[in-house]
Amino acid sequence: MEIITSILTHMAPQVHFIAFGLLLLAGMNFPVSEDIVIIISASIAATVIPENRYCIFIGCFAGAYLSDLVAYSIGRFGLSRLSTTVFFKRFFKEDKILRIEEYFERYGVKTLFFGRFIPFGVRNILFMTSGIIKMNFVRFMLVDVLALSITSFTLFFLGYTLGNNYMKIFPYLKMYKYIIFALFFAILLTLIIKKRYSNKK
């Protein structure tokens, strides 16, 4: 976090470009936190260059959105080809892949939308999985842009409102991440148990 803060602060006039680039790297699975980049960028917009606040928000939004499309493309055009190799099939049996495809066919839109709010790399895993199973690209774009609009606006608003006090957000953000992460897997586990129970019947 200190490295990201330093980069964005010392190059304030180019924050929109830097934030865009950092968020794009996140889509390529580099260890860059989307939430932190957006919050710090918003803080700089409020305290250093408020006249550029709209450009900075657009840079953050565009970077995050393109990042998601990159992750989807990695899954669709990269990892999906690996699925035909012997090495891949050794670890991922065909029946498991079919179950994932069936799950995404039924719950893909909901999973993608709510999964967009989950950190810890879960987002990218969902985006790449959507690509691997060849989820409709237009559907992916629409669902993702809707969820991203909520998360990016909320984070930018918080960072901009708090300004130099943006660090106060992170303890709550960390708590939010753990709660959302736990809820996501609790729901997922419930669905799996429910399905197995119905199959036994």
Which residue pairs have Cβ atoms closer than 7 Å, lie 6 or more positions apart in sequence or on different chains, and pair a first residue in segment 65-92 that is at pLDDT below 90 with a second residue that is aromatic (Phe, Trp, Tyr)? GLY75/PHE127; LEU82/PHE88
Looking at PHE104, is it outside any helix (DSSP H, G or I), surrounded by 15 or more Cβ atoms within 10 Å (Cβ to Cβ), modelled with pLDDT of 65 or more and on the phi < 0 side of the Ramachandran plot? no
With respect to LYS174, is the statement that it is more than 21 Å from PHE113 (Cα to Cα) and at pLDDT below 75 true? no
How many residues are at pLDDT below 90 and surrounded by 24 or more Cβ atoms within 10 Å (Cβ to Cβ) when one looks only at segment 42-54? 3
PHE156 vs. criteria aromatic (Phe, Trp, Tyr), modelled with pLDDT of 75 or more and assigned to a helix (DSSP H, G or I): yes
Do we find a residue being exposed (fewer than 15 other Cβ atoms within 10 Å of the Cβ) and modelled with pLDDT under 80 anywhere in segment 115-124? yes
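The values are calculated or read from the model by the stated rules, or taken from the named source; none is laboratory data. No experiment lies behind these values; they were computed from the predicted model shown. Because the Cβ atoms are built from the backbone with ideal geometry, glycine has one as well, and the counts that use them run over all protein chains shown.
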